[in-house]
């Protein structure tokens with residue numbers, strides 16, 4: 001897939017492109033007329049740069065070098081220090097359920113849970129700096145939208161059903177927001193309750209909507225790790241709305257989430 | 001660690017939505033095309049997604065239901081009809097993107113999002 005050319009849909013103003021970066025598909029949809037290819041190239045190049053700096057799968061990334069003790073935190077790139085500082089504050093905000101250290105398989109630190117959303121927010125700023133105001137970026141299921149969708153009005157985002165691959169549990173209409181979903185339904189994407197060291201129980205997926213995609217993503221991860229307490233915790237978070245699907249088939253939403261809900 | 005009680009749910013301004021009505025069959029137009037991915041292994045079993053597209057509308061979605069484990073079967077026995085109907089209603093109003101737990105490149109190849117991308121929706 002990585003060598004496949006970008007998929008561009010004909011007959012639609014704007015642009016639709018899919019590339020594989022950071023080990024996942026990243027879809028950029030632009031609705032502004034005639035976006036420059038170079039702008040989109042730079043957004044993807046930025047995502048690749050972030051991956052080179054942060055990936056725990058790359059032995060030469062700054063994170064890998066930090067974890068091996070070859071790089072001191074004080075000497076790390078300011079972006080690395082900034083992201084790790086935000087991870088620490090999110091850990092406090094979420095009562096320890098978003099834990100960039102507990103997530104790491106081989107010890108050390110793994111800020112992957114924040115880096116994806118953070119890198120997408122950076123890519124969005126690149127598009128905005130070049131005058132684009134109506135676009136969507138979907139990085140492996142985490143979505144940032146700005147302005148209007150191709151059909152006009154809010155972007156319609158389907159929330160994947162956690163049990164069946166063909167189903168959508170809900171549709172939200174969103175603009176200028178981030179949408180992130182955490183769940184255990186994909187093999188290899190396990191979330192562990194850092195307090196118990198085991199997967200959470202009672203919850204199948206958590207979707208969080210809010211102004212900042214990286215924060216929404218971290219909150220979704222944290223709430224999912226809380227298991228049965230996910231909905232109650234989400235209800236107490238200011239400025240972010242959530243939908244929790246429990247393993248007894250209930251769909252629990254915060255009051256704010258329903259304002260976004262189309263279906 | 002327990003589910004919030006009804007009183008607590010109300011106090012926290014949460015809404016609990018019950019199961020939706022059963023799925024309604026959707027007629028497939030003669031000009032429709034199908035797009036599908038290879039089987040994907042998920043926590044509950046193996047699923048293969050197939051969508052049917054007529055013009056620019058998704059008119060049908062199907063998937064093999066996970067059957068690997070008895071627990072999966074019991075969950076899906078209830079959840080599949082409910083959420084399949086939700087999915088079809090969603091498609092009839094068209095969606096731009098799908099939010100889900102982190103898709104790896106490999107998983108993406110088999111995902112609903114990929115089927116939609118291939119169909120240029």
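Below are the figures for this structure:
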{"read-out": "Conditions (1) under 19 Å from the mean Cα position of the chain (by Cα); (2) within 9 Å of chain B (Cβ to nearest Cβ); number of the one not met by residue A:248", "value": "(1)"}
{"read-out": "Filter result (facing another protein chain (nearest Cβ under 7 Å) and touching a residue at least 60 places away in the same chain (Cβ under 8 Å)) within the range A:254-263", "value": "A:262, A:263"}
{"read-out": "Qualifying residue in the range A:204-225 (condition: at the interface with chain B (Cβ under 7 Å from one of its Cβ atoms) and either surrounded by fewer than 24 Cβ atoms within 10 Å (Cβ to Cβ) or modelled with pLDDT under 80 (or both))", "value": "no"}
{"read-out": "So residue A:71, is it touching a strand residue (DSSP E or B) at 6+ places or on another chain (Cβ under 6 Å) and not in a strand (DSSP E or B)", "value": "no"}
{"read-out": "Residue that is surrounded by the most Cβ atoms within 10 Å (Cβ to Cβ) [pool: residues in the range A:24-54 that are assigned to a loop (DSSP other than H, G, I, E, B) and in contact (Cβ under 8 Å) with a residue 40 or more places away in the chain]", "value": "A:31"}
{"read-out": "Residue A:84 being touching a helix residue (DSSP H, G or I) at 6+ places or on another chain (Cβ under 9 Å), within 20 Å of residue A:194 (Cα to Cα) and without any contact (Cβ under 8 Å) to a residue 40 or more places away in the chain", "value": "yes"}
{"read-out": "Residue, modelled with the lowest pLDDT, within the range A:90-141, restricted to residues that are touching a strand residue (DSSP E or B) at 6+ places or on another chain (Cβ under 8 Å), assigned to a loop (DSSP other than H, G, I, E, B) and within 13 Å of chain B (Cβ to nearest Cβ)", "value": "A:140"}
{"read-out": "Hey, residue A:194 on the phi < 0 side of the Ramachandran plot, modelled with pLDDT under 85, more than 7 Å from every other protein chain (Cβ to nearest Cβ) and crowded, with 24+ Cβ neighbours inside 10 Å or not", "value": "no"}
{"read-out": "Index of the failed condition, residue A:47 passing every other in (1) at pLDDT below 95; (2) at negative phi; (3) within 14 Å of another protein chain (Cβ to nearest Cβ)", "value": "(1)"}
{"read-out": "Unique match (being in contact with a helix residue (DSSP H, G or I) (Cβ under 9 Å, 6 or more places away or on another chain) and at positive phi) among A:140, A:173, A:183", "value": "A:140"}
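The values are calculated or read from the model by the stated rules, or taken from the named source; none is laboratory data. Keep in mind that this is a model prediction, so the values were computed, not measured. Neighbour counts are summed over all protein chains in view; Cβ atoms, including those assigned to glycine, are modelled from backbone coordinates with ideal geometry.
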